[in-house]
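All of the numbers you see were taken from the coordinates with simple rules; none came from a lab. On a predicted model such as this, the values are computed, not experimentally measured, just so you know. Positions of Cβ are backbone-derived with ideal geometry, glycine not excepted, and every protein chain shown enters the neighbour counts.
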Amino acid sequence: MIINEQNGARILAALSTSIKKVFDGAFASTESNYDKVAMTVPSTGASNTYAWTDRFPALRKWIGDKAVKKLTGHAYILVNEDYEGTVEVDRNDIEDDNLGMYTIETESVAESAKRWPDGLVFKVLTKGFSEKCYDGKTFYATDHKVGDGKSVETYSNKITAPLSAATLAEAQASLGAAITLMTSLKDSEGEPLNLSPSLLVVPPALRETANVLVTTDRLEDGKPNPYKNAVEVLVCGWLATTTEWHLLDASRKIKPIVFQPRKKPVFVAQFDMNSDNVFMRKKYRYGAEARGVAGFGLWQQAVGSTGTGA
């Protein structure tokens with residue numbers, strides 16, 4: 001059907017509605033995992049400033065004035081960024097009813113839009129070995145400082161041990177060491193943080209090793225497995241290396257990574273038959289737009305290993 005002034009608005013409106021229906025269906029059916037490791041903090045401006053403190057607020061015996069935990073310890077700013085995914089539709093394909101391929105492209109854009117937070121969040125996690133968090137240290141570091149100015153302690157949340165289920169000694173030196181590091185952390189007042197390691201994030205190359213570590217009764221050397229059911233395993237293709245692994249306390253409302261959406265993914269379309277793009281190139285466009293960013297939360301809730309052994 002040839003698009004003209006008489007039928008153009010009706011045909012293009014119906015096409016836009018049909019494409020959006022496909023987009024919405026694919027978006028709804030696509031799974032995402034970012035919320036397992038990240039807390040969502042909505043943004044209403046160009047950026048958010050996070051004033052993290054070294055203290056996790058907790059109840060204490062009330063004697064005299066209340067000890068107010070002010071979130072003014074360290075300023076950490078996350079600036080929102082724009083994202084898009086766009087598809088062009090040739091007018092000839094509409095007039096020739098050759099639109100089947102666009103269904104696949106629409107589903108692909110919708111899946112990418114749904115997984116947009118995953119990409120932001122897990123790329124931040126894997127950069128934890130090289131990029132700084134709120135205290136000025138890399139997110140994974142051996143020299144995080146915790147204290148009230150009078151007394152300062154140094155803590156590590158970084159190791160290099162390869163994840164291993166080969167022997168009890170190797171399991172203890174990897175997953176066991178990470179668990180010990182996290183559960184030994186204290187706040188700036190010397191009180192235990194009582195963190196609970198709950199999630200082991202690994203690349204596809206470590207899927208089998210991780211599953212053996214947390215699901216089998218015995219390790220590969222035949223000895224009883226003390227880490228069975230200790231944590232949940234999440235296999236993540238966004239991780240930058242095949243050896244790194246991350247142990248997280250994702251059991252709390254506060255999580256180790258921040259996902260900051262300014263505008264969640266939305267469907268957008270340009271089906272105006274009088275637009276310059278149609279006049280000059282006979283092209284219509286549609287796709288998805290989003291705006292936001294991800295960043296580091298509290299390093300205390302994560303232990304990372306490069307897995308290189310050195």
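Just a few scattered comments:
- Set the Cα radius of gyration of segment 118-164 against 2.2 N^0.38 Å, with N its number of residues, and you get 1.37.
- Qualifying lysines (Cα of each under 16 Å from Cα of residue 114; at least 8 residues distant if same chain): 20, 21, 36, 123, 263, 264
- Student exercise, segment 83-236 dipole from Lys, Arg, Asp, Glu Cβ charges, in Debye to nearest 20: 1120
- Taking amide H as placed 1.01 Å from N in the peptide plane, residue 137 has no amide H partner under 5 Å among residues 5 or more places away or on another chain.
- Simple point charges give the picture: +1 on the Cβ of Lys and Arg, -1 on the Cβ of Asp and Glu, and for segment 215-310 a dipole about the Cα centre of about 560 debye.
- Note on segment 195-310: dipole from Cβ charges, positive end direction compared against 271, 256, 245; the farthest Cα belongs to 271.
- Relative packing of peptides 218-230, 241-253 - highest average C-beta neighbours within 10 Å first: 241-253, 218-230
- Here the contact order of the chain, divided by its residue count and restricted to Cα pairs under 8 Å and six or more residues apart, works out to 27 percent.
- Distance between segment 29-53 and segment 206-234 - C-alpha centres, whole angstrom: 31
- Helix 100-114 vs. the chain, principal-axis angle (Cα, 0 to 90°, nearest 10): 30
- Here the peptides 18-28, 150-160 are ranked by packing, the mean other Cβ count within 10 Å, and the order with the highest first is 18-28, 150-160.
- Converting phi to 3J(HN,Hα) with the Karplus coefficients 6.51, -1.76 and 1.60 and the offset θ = phi - 60°, segment 240-252 yields 7, 10, 8, 10, 5, 8, 9, 9, 10, 9, 9, 8, 9 Hz in sequence order, with x at every glycine or proline.
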